[in-house]
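Encoded as structure tokens, here's the structure I'll be asking about.
The values are calculated or read from the model by the stated rules, or taken from the named source; none is laboratory data. These figures come from a predicted structure and were not determined experimentally. Note: ideal-geometry Cβ built from the backbone for every residue, glycine included; neighbour counts use all protein chains shown.
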Amino acid sequence: MSIRTRFAPSPTGYMHIGNLRTALWAYLIAKKDPEGVFILRIEDTDQGRLVEGATDIIYDTMKQCGLSHDEGPDVGGPVGPYVQSERVKSGLYMDYARELIRRGGAHYCFCDEETIEKAKAENADDSNRSYADPCRNLSLEEAQKRVDAGEPFVIRQTIPQEGTTSFDDEVFGTITVDNSTLDEAVLIKSDGFPTYNFANVIDDHLMGITDVVRGMEYLSSTPKYNLIYDAFDWEKPRYIHCPPVMKDEHSKLSKRNGDASFQDLMAKGYLPEAVLNYIAMLGWSPEGNREIFTLDELVEAFNVKHIGQNGAIFDPVKLTSVNGLWLRGMDLDTYFRLVEPYIREAVKGDYDLKKIAAGVQQRANTLSEIAPMLDFYDTFPSFSNDLYNNKKMKTNPEIALSALKECRSALEGIQSWDFDTLHETLMALPAKMGVKNGQVLFPLRIAISGKQSTPGGAIEIAEILGKEETLRRLDLSIQQLENE
RNA sequence: GGCAUAUUGGUGAAGCGGUUCAACACACUGCCCUCUCAAGGCAGCAUUCACGGGUUCGAAUCCCGUAUAUGUCACCA
């Protein structure tokens, strides 16, 4: 049988990195199987927490990442609908809940909040169970009578008082718990909606999910879900519980914290591919030493056995490094197409943007680093002659002035203003003057850019600036030095 | 508090009882290259795997206890 996995977010806000990683892993696990199916299911049973537009963010994010689902609300599929609120309308969960009651796996409960609180308090001292529902002892006939009479009710799971329940998790191994520690949780709320606990199990079964991929916060409730599978006599799925993605040692990434969301990462100039690449490795490690993977390559390399059990701290610095690797690894044409708008942010003038892109490609780790590097093209910044002082280059304003004058006269005579000619002409100067390359080219670079550091050397910048502008700036800088 | 899970350097991590077992990457430091900054190359960076016991000829690797962290105990998912 082919693998079927699902990503089942609830539309309560935007996608944060931990969620995305779960989606990614679920995708990878499905796609590892050539016949595998990846499903998107929207879990919106909590009507109170729905957030306008949240579903679209989910679609957009998945799309940007290339995580395309084979079945889902927008693309359809054989086991729809794929939105839980729509499934509720068919009465499906209620039907299964009644069936569960018949099978002894659930019962009606009429307790109000007050009695629950009281029962909890009474139980607190002598029992591990936080809530033993008094209604579990009602006879079905009596309960049915009260339901028919219109009394408000919920349906709760009935848990055996004795024994243990255990299951195997692909990541955490065999987990065993005492039934006495399990809550008789609500399955159907008083508004008739199923809770996550119930809808999830029913949907996973009905949709033929073979591998349940989800956060490890569900680890302790999984035995309860298995009890439901057993009561229905259904085959249980494989479980892959994922360790959390942490913000720091103590706290998980939260939606509140802006920089943890996918959209914010995009806004900060990261590539979707790089983000995906990086987060795949939060809690998972590939077999060899390779670290850069495309989505398809991740499918190939991914292996559940290498998922770790520890929470992984999201490290923006490492992400930046991975992003830089992606950026530098692109061919110039692709890179240019991607980066042109970012260059345009800073450079309005009529320059060869592709040449500028080439200079920037080896230096920028994120897209948003690009514009600030390029501010000197449009406007020649004012700068202090102090910039010419550089110990390593063995330069100072005095050396700079003589070098600049030499450059000025050499540059003036150049007819065809291209890189090779420029290179040839300028490289001849240090030899002629009997100084080191840096003592000529460093001052030149400062003189025409006005900046301590630039994405490109003197020759590249002069080429891009053009003859007229280069000489203009050079004159200004020479003048500034002479006035000192 | 009960229950569950985990604990390798600043970070992600490899390692799964014994052939350098403490890989690899980020970060950091130094050097090289170099017309700046980057990039790239090279080197350094845990006598030690939370702590304490035990098992074993031999443990980061198995067992027990302690500590710590996270999760869960909702008519939230």
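Could you check, for segment A:293-311, whether at least one of its residues is of a type in the set (Ser, Thr, Tyr), within 16 Å of RNA strand B (Cβ to nearest atom) and surrounded by fewer than 19 Cβ atoms within 10 Å (Cβ to Cβ)? Outline the logic, then answer.
Step one: of segment A:293-311, the residues of a type in the set (Ser, Thr, Tyr) are A:294.
Narrowing the set further to residues that are within 16 Å of RNA strand B (Cβ to nearest atom) leaves none.
Checked segment A:293-311: no residue is of a type in the set (Ser, Thr, Tyr), within 16 Å of RNA strand B (Cβ to nearest atom) and surrounded by fewer than 19 Cβ atoms within 10 Å (Cβ to Cβ).
If you don't mind, another one. Take segment A:272-331 and flag every residue that is β-branched (Val, Ile, Thr) and in a helix (DSSP H, G or I).
A:Val275, A:Ile279, A:Val299, A:Val304, A:Val317, A:Thr320, A:Val322 - these are the residues of segment A:272-331 that are β-branched (Val, Ile, Thr) and in a helix (DSSP H, G or I).
Restricting to segment A:414-454, and then to whatever is hydroxyl-bearing (Ser, Thr, Tyr) and outside any loop (DSSP other than H, G, I, E, B), can you tell me which residue is surrounded by the fewest Cβ atoms within 10 Å (Cβ to Cβ)? Break it down into steps so the answer makes sense when it comes.
Of all residues in segment A:414-454, those hydroxyl-bearing (Ser, Thr, Tyr) come to A:416, A:421, A:425, A:449, A:453-454.
Going one step further and asking which of them are outside any loop (DSSP other than H, G, I, E, B), we end up with A:421, A:425, A:449.
Numbers: A:Thr421: 13, A:Thr425: 16, A:Ser449: 25.
Applying the filter and picking the extreme gives A:Thr421.
Those residues that are closer than 16 Å to A:Ile240 by Cβ and of a type in the set (S, T, N, Q), I need them from segment A:178-218; list them, please.
A:Asn200, A:Thr210
Could you check segment A:394-413 and list, in sequence order, the residues that are crowded, with 20+ Cβ neighbours inside 10 Å and under 49 Å from the mean Cα position of the chain (by Cα)?
If the condition is that a residue be crowded, with 20+ Cβ neighbours inside 10 Å and under 49 Å from the mean Cα position of the chain (by Cα), then A:Thr395, A:Ala400 are the ones that fit.
Something else now. Is it the case that some residue within segment A:402-417 is modelled with pLDDT under 95, in contact with a helix residue (DSSP H, G or I) (Cβ under 7 Å, 6 or more places away or on another chain), closer than 21 Å to A:Leu353 by Cα and not assigned by TED's automatic domain parsing to the domain that holds A:Ala364?
yes
Among the residues of segment A:382-392, is any more than 22 Å from A:Arg473 (Cβ to Cβ) and either under 22 Å from the mean Cα position of the chain (by Cα) or of a type outside the set (A, V, I, L, M, F, W, C) (or both)? Talk me through it step by step, then tell me what you get.
Kept after step one, since they are more than 22 Å from A:Arg473 (Cβ to Cβ), are these residues of segment A:382-392: A:391-392.
Narrowing further to those that are either under 22 Å from the mean Cα position of the chain (by Cα) or of a type outside the set (A, V, I, L, M, F, W, C) (or both): A:391-392.
Checking segment A:382-392: at least one residue is more than 22 Å from A:Arg473 (Cβ to Cβ) and either under 22 Å from the mean Cα position of the chain (by Cα) or of a type outside the set (A, V, I, L, M, F, W, C) (or both).
Can you pull out the helices (runs of 4 or more DSSP H) entirely within segment A:133-239 that have at least 3 residues that are within 25 Å of A:Phe7 (Cβ to Cβ) and modelled with pLDDT of 90 or more? Spell out the reasoning first.
Numbers: elements: A:140-148, A:196-206, A:222-232.
Where helices (runs of 4 or more DSSP H) fall fully within segment A:133-239 and carry at least 3 residues being within 25 Å of A:Phe7 (Cβ to Cβ) and modelled with pLDDT of 90 or more, they are A:196-206, A:222-232.
So, in segment A:164-193, how many residues would count as being surrounded by fewer than 15 Cβ atoms within 10 Å (Cβ to Cβ), of a type outside the set (Ser, Thr, Tyr) and either within 10 Å of RNA strand B (Cβ to nearest atom) or more than 30 Å from A:Lys305 (Cα to Cα) (or both)?
4
Output the residues belonging to segment A:321-356 that are within 16 Å of RNA strand B (Cβ to nearest atom) and farther than 22 Å from A:Glu463 by Cα.
Correct list: A:Ser321, A:Val322, A:Asn323, A:Gly324, A:Leu325, A:Trp326, A:Leu327, A:Arg328, A:Gly329, A:Met330.
Go through (1) surrounded by fewer than 21 Cβ atoms within 10 Å (Cβ to Cβ); (2) more than 15 Å from RNA strand B (Cβ to nearest atom); (3) assigned to a helix (DSSP H, G or I) and name the single condition A:Gly104 misses.
Tallying (1) surrounded by fewer than 21 Cβ atoms within 10 Å (Cβ to Cβ); (2) more than 15 Å from RNA strand B (Cβ to nearest atom); (3) assigned to a helix (DSSP H, G or I), A:Gly104 fails exactly one: (3).
Quick grid of which residues meet (1) of a type in the set (A, V, I, L, M); (2) more than 27 Å from A:Asp296 (Cβ to Cβ):
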position	(1), (2)
A:Leu24	yes, no
A:Glu35	no, no
A:Glu52	no, yes
A:Gly104	no, yes
